[in-house]
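Structure record follows, encoded as structure tokens.
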Amino acid sequence: MPQIITVTNQKGGVGKTALAVHIAAYASMAAKKKTLLVDMDGQRNATFITTGEPNGRGKSVLDLWDGDTSLEFQDTRFGDLKILPGHQHVHLVEKQGLKAGQEAMSRLLNIDFDVVVIDTPPAAGVQQLAPLYLGGLLAAPVEPDLLALQGLTSLLKVWREIASQVDLGLSLVINKRVLNSTNQQMVVDAITESGFGQHVLPVHLTNRQIVSNAMKQGMPVWKLDPKDAAAAKWAMACKMILETDGVPTEETVKEG
């Protein structure tokens, strides 16, 4: 059974897709694990970043909902990393309900991969929730501002509920950090001193243009410029996420 890492947040613009792509890239290219990236977001940014194409070549995440269709995966520009491409009409699965979504996602537990990384949309619904019921790890990028905290609060409620039913761990990744911002530091302190502080990754990712440039060029930051300080931080964050013991304790769930 593959290691499942679902990357999500209930606020857009926090670096969700960039984190998902980097985790998958690190697992495949650095950790040498057989890795699949699943693009559940109708915007298909993960598909475009990793393949240079907005659509899959006849394959997409919609195939998960068709039990009679064998799953096929597309090559990427990221070495041996494979992707199950997104689809512009994936939102239509919302009409089929959460149970159907859980059954569709369960097909990912029976594929021949070491790691499956799932990029989800920010809207709470089947596309976001169904992957979480696979268990494994919820990795949430968090931009340290007050508006982003609202999305995080909603997401943590979802995590607490699902983690009481399946083995679902939690990793909060501070992203887009501005080191000299007093307001951001206050938000970071509030998160780390909360009941969820133990789940905050000690490596914080700063707001750097190199990340956007790397995504536009279809490569992880450590390939674009290995000497840049951001390269080592992103690689370390991905390594720590992959090595996270994702199963929460009963006490942790109650504290949340």
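Any read-out appearing in this document is the output of simple, stated calculations on the displayed coordinates, not a laboratory observation. All values derive from a computational prediction rather than experimental measurement. Neighbour counts are summed over all protein chains in view; Cβ atoms, including those assigned to glycine, are modelled from backbone coordinates with ideal geometry.
A few points about this structure:
- Shown in residue order for region 90-95 are the 3J(HN,Hα) couplings computed by the Karplus curve 6.51 cos²θ - 1.76 cosθ + 1.60 at θ = phi - 60°: 4, 4, 5, 5, 4, 5 Hz (x for Gly and Pro).
- Whole-number percent relative contact order across region 1-68, with pairs defined as alpha carbons under 8 Å at least 6 apart: 20
- Taking GluC sites (Glu not before Pro) in DSSP loop conformation with at most 16 other Cβ atoms inside 10 Å as exposed sites, the chain has its longest uninterrupted site-free stretch at 73-192.
- Considering only the chain, percent of DSSP beta bridges that pair antiparallel, nearest 5: 5
- A rounded overall shape is assigned to region 1-64, the ratio a/c of its alpha-carbon gyration tensor axes (a ≥ b ≥ c) being less than 1.5.
- With θ taken as phi - 60° and the Karplus curve 6.51 cos²θ - 1.76 cosθ + 1.60 applied, the whole-hertz 3J(HN,Hα) list for region 167-172 is 7, 10, x, 9, 9, 9 Hz, x standing for glycine and proline.
- Region 112-163: C-alpha gyration tensor shape, a/c 1.5 cut-off, then a/b vs b/c: prolate
- Relative contact order %, region 3-255, counting alpha carbon pairs below 8 Å whose residues are six or more apart: 24
- Relative intensity, log₁₀ I(q)/I(0), of the chain from a Debye sum that treats every alpha carbon as a point, q = 0.09, 0.11, 0.14 Å⁻¹: -0.35, -0.54, -0.89
- Karplus-derived HN-Hα couplings along region 139-152 (A = 6.51, B = -1.76, C = 1.60, θ = phi - 60°), whole Hz, x at Gly and Pro: 10, 10, x, 10, 7, x, 9, 5, 5, 5, 5, 4, x, 5
- Between region 170-247 and region 102-131, the alpha-carbon center distance in angstrom: 23
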